[in-house]
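The values are calculated or read from the model by the stated rules, or taken from the named source; none is laboratory data. Owing to the predicted nature of the structure, the values given are computational and were not obtained by experimental measurement. No Cβ is skipped: glycine too gets one built from the backbone with ideal geometry, and neighbour counts run over all protein chains shown. SASA here: full protein model, heavy atoms, side chains in, ligands and nucleic acids out. Shrake-Rupley method; radii C 1.70, N 1.55, O 1.52, S 1.80 Å.
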Amino acid sequence: MAKVELKGIGKVYDGGVRAVNNANITIEDKEFCVFVGPSGCGKSTTLRMIAGLEDDGVEMNDVPPKDRDIAMVFQNYALYPHMTVYDNMAFGLKIRKMDKAEIDRRVRDAAKQLDLTQYLDRKPKALSGGQRQRVAVGRAIVRNPKVFLFDEPLSNLDAKLRVTMRSELAALHNRLQATMIYVTHDQIEAMTLGTKIVVMKDGVIQQIGAPLYLYNNPINKFVAGFIGTPPMNFLTVKVLEKNGKIVCDEGSFEINPTDEQAKSLKDYVGKEVSFGIRPEDLTYVEKPAAKDDMQMKITNKEPLGAETHLYLVSNKGQSIIAKTTANAEFRLGDSVNVVPNMEKAKFFSLDEGELNICDSIEKKW
């Protein structure tokens, strides 16, 4: 078993630059935990610092990296160009003076798992980018580590190969049943690979949870905007009370919250808040504008085959993206009406933290 715990972890570089601040994370045995966030948020720094507490409670701070039973896969593969695939995978075992027969067994078993058997005699320059990445993964597998660390391993691959490698890494985790910790700035990788996601910003953990939980229950505006493709739309609206009902005025149209949302928004009457709605939760309607419609003008469109993305702007100059069916015809400059699914909508404060106003989310980190 390999449980990793980070307790109050921080990192300050020369000049007082704080890269990571008081990180508290528990990664359970066999989890695939993904650290995600924009460049410079501290996720790679956290990965490099990871020492953790294993299930037997051994503190790893002062244990040399070679003895931590951790294997790392880097962004740039870090393969030895003068060695064959076999020798690259075997090198770490040879310097540990492991028995030759055991080395051979481990290398060939890993090669079989990664479909590299026919390439064992080749050198890295004779391999494709995806094959080189599999060699780097194989070099980690042969060590039988308790924890795998991946530092943006797919960022050097083209888009199609990234999709293939995502699937291969997910299958590998399922086969090995090992604890894996993965760093990426790509939230699609995070959503498709992780059993647990850690969202970071400016060195601070924003939220931890399962992929779909974060998607449906973002704790703040940053998480809501970072998880999901295209990202969640945000409109600044003013909370008003009219005829005993709570409405949110955008300036060119009004949004009617659900009864549950209205209860939370009562405390914000007279104030501005951020209304969040995902592109997939907006429905285009052809009929004349109704009371609950958002009337907006098309500034751009992206036909993607199965669907079309409409870029819309309100009379107040606020922009959103809406997903619609591929067969609908639109012209730039046309005014259209879209209806938000208010059951899926979110409201966020505009003060420090930009917290989710209407959903009750318990912070556990």
- Considering only strands (runs of 3 or more DSSP E) wholly within region 1-53, the ones with at least 3 residues that are surrounded by fewer than 19 Cβ atoms within 10 Å (Cβ to Cβ), in contact with an Asp or Glu (Cβ under 9 Å, 6 or more places away or on another chain) and not hydrophobic (A, V, I, L, M, F, W, C) are 17-27
- Subset of region 68-83 (residues that are open to solvent by 40 Å² or more (accessible area, probe 1.4 Å) and under 23 Å from the mean Cα position of the chain (by Cα)): M72, F74, Q75, N76
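Residue-by-condition table, conditions (1) of a type in the set (G, A, S); (2) part of a strand (DSSP E or B); (3) farther than 22 Å from E286 by Cα:
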| position | (1), (2), (3) |
| --- | --- |
| A322 | yes, yes, no |
| F330 | no, no, no |
| V336 | no, yes, no |
| M342 | no, no, no |
| E352 | no, no, yes |
| D359 | no, no, yes |
- Query: Filter region 147-163 for residues that are at pLDDT below 85 and more than 21 Å from C41 (Cβ to Cβ); which is least open to solvent (accessible area, probe 1.4 Å)?
  - Reply: L157
- Based on what the data block shows, is S274 of a type in the set (S, T, Y) and part of a strand (DSSP E or B)? yes
- Checked G244, G251, G203, G228 against criteria (over 13 Å from the mean Cα position of the chain (by Cα), on the phi > 0 side of the Ramachandran plot, open to solvent by less than 20 Å² (accessible area, probe 1.4 Å) and not basic (K, R)); the one match is G203
- Please tell me if A262 is without any contact (Cβ under 8 Å) to a residue 24 or more places away in the chain and either open to solvent by 90 Å² or more (accessible area, probe 1.4 Å) or within 30 Å of V199 (Cα to Cα) (or both). yes
- Task: Return the only residue of P145, P230 being touching a His at 6+ places or on another chain (Cβ under 7 Å), part of a loop (DSSP other than H, G, I, E, B) and not acidic (D, E).
- Result: P230
- Which pairs have Cβ atoms under 7 Å, sit 6 or more apart or on different chains, and link a residue in region 9-28 that is more than 20 Å from V199 (Cα to Cα) to one that is open to solvent by less than 60 Å² (accessible area, probe 1.4 Å) and of a type outside the set (V, I, T)? Y13/A19
- Please work out if D99 is at pLDDT 90 or above and open to solvent by 80 Å² or more (accessible area, probe 1.4 Å). yes
- Query: Just checking, which of T308, T299 is part of a strand (DSSP E or B) and surrounded by 14 or more Cβ atoms within 10 Å (Cβ to Cβ)?
  - Reply: T308
- Query: Taking region 312-337 as the region of interest, how many residues are open to solvent by less than 30 Å² (accessible area, probe 1.4 Å) and at pLDDT 95 or above?
  - Reply: 5
- Message: Considering only residues that are buried (at least 19 other Cβ atoms within 10 Å of the Cβ) and part of a helix (DSSP H, G or I), which ones fall in region 107-129?
- Response: V107, A110, A111, Y119, P124
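Filter region 215-225 down to the residues that are open to solvent by less than 20 Å² (accessible area, probe 1.4 Å) and either of a type outside the set (S, T, N, Q) or not in a strand (DSSP E or B) (or both) and list them by number. Even if it seems obvious, please write down each step before you answer.
Residues of region 215-225 that are open to solvent by less than 20 Å² (accessible area, probe 1.4 Å), as a first pass: 218, 220, 223-224.
Within region 215-225, P218, V223, A224 qualify.
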- Query: How many residues are in a strand (DSSP E or B) and under 21 Å from L312 (Cβ atoms) when one looks only at region 233-267?
  - Reply: 11
- Please identify the pairs in which a residue from region 195-214 that is free of Cβ contacts under 8 Å to residues at least 40 places away in the same chain and in a helix (DSSP H, G or I) has its Cβ atom under 7 Å from the Cβ atom of a residue that is open to solvent by less than 50 Å² (accessible area, probe 1.4 Å) and among the β-branched types (V, I, T), counting only partners at least 6 apart or on another chain. P211/I197; L214/I197; L214/V199; L214/V223; L214/I227
- Test R175 against the criterion of being touching a residue at least 60 places away in the same chain (Cβ under 8 Å), part of a helix (DSSP H, G or I) and surrounded by fewer than 19 Cβ atoms within 10 Å (Cβ to Cβ), and give yes or no. yes
